[in-house]
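Have a look at the structure below, then the notes.
The values are calculated or read from the model by the stated rules, or taken from the named source; none is laboratory data. The structure presented is a predicted model; accordingly, all values stated were derived computationally and were not measured. In this analysis, Cβ positions are derived from the backbone assuming ideal geometry, glycine residues included, and neighbour counts consider all displayed protein chains.
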Amino acid sequence: MAGEGRALPVAPRPCPDERLSSWLARLADLYQVSLEELQEHVGWARPAAALDFEPGGTDLARIGQATAMPIERLLAMTFATAPPRVRALTRRADRYVCPECCAGEGPPPRLKAWAFAFAFWCPRHGRPLAGSERNGARVLGDEAAARRGAALIGAWAEGRESGPPGVGADFSLLLSPYREPAPPALWRDNLGENAHCLAGFVPECLIRCLT
């Protein structure tokens, strides 16, 4: 039978910028239970990963009651109040991590900043993020240009820039082969001899950033 916010004896505070689902997973590891077992004990309804994007008030209330965490703090650990462009450019799956953050024992914290489609460096350590495909920014040809481009795109997504990103340093970022080649797309056939430039880029992100 599901719980109704039953208090946990110990609930370590989340790391700065940690995702709600990440913190819940680390709490489950602390008590040596599965995330589903922790969910049943505390009594929230939706899968933990879904809470990152669509947190329900009842779910947050039960988690807050069990962990003595204010609902406002729990809400800040989600993307519910993020600007629409940030939400559109947020990876839902945990594909990239910081090797230094993951050096300790137990499941590492997953930061919200890592989920942004153009996040290549950990904001805590400045290290390139690593994933199962390639080692993030380590394969970028021009890291300085990539950092400038990522900053421009981030500012645009957060609404700190009124217009879309420019075509300079940020476009060099878009064309950098930091991912495995994406599946063929019909729109790429119209690029002619320049089509190879986009071979390593995720087309969905390119379309979203240039529209």
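Things to note:
- Test: Leu38 is closer than 18 Å to Lys112 by Cα, touching a Leu at 6+ places or on another chain (Cβ under 7 Å) and outside the structural domain of Ala155 (by TED's automatic domain parsing): no
- Output for the stretch 58-71, where each listed residue is of a type in the set (S, T, N, Q) and either closer than 15 Å to Ser21 by Cβ or buried (at least 21 other Cβ atoms within 10 Å of the Cβ) (or both): Thr67
- When Val33 is tested against the conditions (1) modelled with pLDDT of 90 or more; (2) outside any loop (DSSP other than H, G, I, E, B), the lone failure is (2).
- The residue that is surrounded by the fewest Cβ atoms within 10 Å (Cβ to Cβ), counting only those in the stretch 133-161 that are among the charged types (D, E, K, R) and at pLDDT 75 or above, is Arg160.
- Pick from the stretch 109-132, criterion crowded, with 18+ Cβ neighbours inside 10 Å and free of Cβ contacts under 8 Å to residues at least 24 places away in the same chain, ranking: farthest from Arg13 (Cα to Cα): Pro128
- Set Pro47, Pro55: member being farther than 15 Å from Arg6 by Cβ and surrounded by 15 or more Cβ atoms within 10 Å (Cβ to Cβ): Pro55
- Selection within the stretch 50-89 - over 15 Å from the mean Cα position of the chain (by Cα) and assigned to a loop (DSSP other than H, G, I, E, B): Pro55, Gly56, Ala68, Met69, Pro70
- Put simply, of Arg85, Arg95 the only residue that is over 26 Å from Tyr31 (Cβ atoms) and without any contact (Cβ under 8 Å) to a residue 40 or more places away in the chain is Arg95.
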